[in-house]
Amino acid sequence: MQDPKDEAEQDFAAVLMQHSGGRAHTEVSKKLAELIAAVRETGKKGSVSVTLTVSRDKEMSRVVKIDDSIKANIPKETRRSLWFPDDNNRLHRNDPTQDSLFDEPAKKVQTPEGN
């Protein structure tokens, strides 16, 4: 008869930490930290998933093999800028159809000492 302790489910985290010398656990932990940082930075959601594929060994029927796959959907910040195309399809930072408010770049005004 089996001991009742042996009939309890095995702790998933313990298996993950022991599987493949702990490399899968280390990788998923790093991906989770990367995900949290990206979510905080972008405000977008993401995910990390661990898939364990279990198969029976062909030569030893009492042995199972475990393969892992770790996937992360890390949100990326959108990089965007605004440009104005001219009639020749060249891009400009300022609208080429509008006159400039200043003919030359603004000059730095020196403030009096003590301010």
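Exactly one residue out of ASP99, ASP95, ASP68 is within 20 Å of ALA14 (Cβ to Cβ) and either more than 16 Å from the chain's Cα centre (by Cα) or part of a helix (DSSP H, G or I) (or both): that is ASP68.
The residue pairs whose first member lies in segment 50-72 and is without any contact (Cβ under 8 Å) to a residue 12 or more places away in the chain and of a type in the set (Asp, Glu), whose second member is surrounded by fewer than 13 Cβ atoms within 10 Å (Cβ to Cβ) and assigned to a loop (DSSP other than H, G, I, E, B), and whose beta carbons are closer than 8 Å, counting only pairs six or more residues apart or on different chains, are ASP57/VAL63. Has segment 17-27 got at least one residue that is free of Cβ contacts under 8 Å to residues at least 40 places away in the same chain, surrounded by 13 or more Cβ atoms within 10 Å (Cβ to Cβ) and in contact with a His (Cβ under 6 Å, 6 or more places away or on another chain)? Yes, segment 17-27 contains a residue that is free of Cβ contacts under 8 Å to residues at least 40 places away in the same chain, surrounded by 13 or more Cβ atoms within 10 Å (Cβ to Cβ) and in contact with a His (Cβ under 6 Å, 6 or more places away or on another chain). Please indicate, with yes or no, whether at least one residue in segment 36-57 is modelled with pLDDT under 95, closer than 24 Å to PHE12 by Cβ and either among the aliphatic types (A, V, I, L, M) or part of a loop (DSSP other than H, G, I, E, B) (or both). Within segment 36-57, one or more residues are modelled with pLDDT under 95, closer than 24 Å to PHE12 by Cβ and either among the aliphatic types (A, V, I, L, M) or part of a loop (DSSP other than H, G, I, E, B) (or both). Every condition in (1) touching a residue at least 24 places away in the same chain (Cβ under 8 Å); (2) out of contact with any helix residue (DSSP H, G or I) (no Cβ under 6 Å at 6 or more places or on another chain); (3) within 24 Å of PRO75 (Cα to Cα); (4) of a type outside the set (D, E, K, R) is met by GLY46 except one, and the failing one is (2).
Being modelled with pLDDT of 90 or more, surrounded by fewer than 10 Cβ atoms within 10 Å (Cβ to Cβ) and within 27 Å of THR42 (Cβ to Cβ) is the filter here, so list the residues in segment 65-92 that pass it. Listed by number, the residues that qualify are SER81, LEU82.
The values are calculated or read from the model by the stated rules, or taken from the named source; none is laboratory data. Computed from a predicted model, the values in this text were never measured in an experiment. Don't worry about glycine lacking a Cβ; one is built from the backbone with ideal geometry, like all the others, and counts go over all protein chains shown.
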